[in-house]
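Notes follow the structure.
The values are calculated or read from the model by the stated rules, or taken from the named source; none is laboratory data. Given the structure is predicted, the values throughout are model-derived calculations rather than measurements. Positions of Cβ are generated from backbone atoms using ideal geometry, with glycine treated the same way; all protein chains shown enter the neighbour counts.
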Amino acid sequence: MKQFTLLFFSMLILASCNNNKKSEHSFNKYINTGESNGCWINTNTLKEGPAFSGIISAKLDSTVEWGLGFRDSFANIGNEIPKKITANAMAMKETDLDDAVLVVSIDRKDKNLFWQGADIKGFTPNAKEWSKVSVQYNLPKDLTPSDNITVFIWNKDKHQLYVDDFEVLFE
Ligand SMILES: [Ca+2]
């Protein structure tokens with residue numbers, strides 16, 4: 001029993017980067033509620049404060065240009081190359097000045113293969129209210145397992161913004 005338990009926990013550790021439910025197409029599902037981390041970048045922006053879920057969200061302000069994001073290779077994301085990505089997040093801007101961008105970028109070593117940015121202000125009509133930001137893109141057809149995909153908030157004008165329940169879904 002003890003050996004079985006050890007094996008089980010070893011498997012959990014191996015799967016730690018992929019700790020979310022598998023979808024029907026065998027792609028992993030990634031959600032960052034601020035309360036826990038996975039394959040996420042810029043998690044130093046996670047702070048206690050205004051939050052859509054729990055007590056933690058990602059806080060972007062005049063000191064933070066690169067906000068919470070997700071980064072991994074397609075080899076880790078699923079057992080085939082996905083055709084489509086959906087990124088969802090809850091966002092709350094502090095003022096109407098907000099001009100941050102939800103970016104989806106794919107790189108092969110030093111070369112950028114794909115870049116799409118969606119202005120968050122288009123999804124957040126009112127300051128100090130949580131709104132859903134959602135984008136969906138078809139991915140290029142010639143991707144390889146070693147290509148990396150990054151999905152992140154680019155706070156290009158460095159205004160104050162909170163982001164919570166960041167989801168990255170592949171299909
Ligand atoms: Ca949260």
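Every listed requirement among (1) loosely packed, with under 15 Cβ neighbours inside 10 Å; (2) of a type in the set (Val, Ile, Thr); (3) touching a Gly at 6+ places or on another chain (Cβ under 7 Å) is met by THR95 save one, (3).
So which of VAL64, VAL133 is under 12 Å from VAL163 (Cβ atoms), out of contact with any strand residue (DSSP E or B) (no Cβ under 6 Å at 6 or more places or on another chain) and hydrophobic (A, V, I, L, M, F, W, C)?
VAL64
Of ALA87, ALA118, ALA58, all but one fail to be within 16 Å of the chain's Cα centre (by Cα), free of Cβ contacts under 8 Å to residues at least 24 places away in the same chain, under 21 Å from ILE31 (Cβ atoms) and surrounded by 15 or more Cβ atoms within 10 Å (Cβ to Cβ); the exception is ALA118.
For segment 26-55, a tally of residues being surrounded by fewer than 20 Cβ atoms within 10 Å (Cβ to Cβ), modelled with pLDDT of 95 or more and on the phi < 0 side of the Ramachandran plot returns 6. Kindly establish whether LYS59 is under 25 Å from GLU171 (Cα atoms) and among the basic types (Lys, Arg). Against the criterion (under 25 Å from GLU171 (Cα atoms) and among the basic types (Lys, Arg)), LYS59 does not qualify. Looking across segment 121-146, the residues that are of a type outside the set (Gly, Ala, Ser), outside any loop (DSSP other than H, G, I, E, B) and closer than 16 Å to VAL168 by Cα come down to LYS132, VAL133, VAL135, GLN136, TYR137, ASN138.
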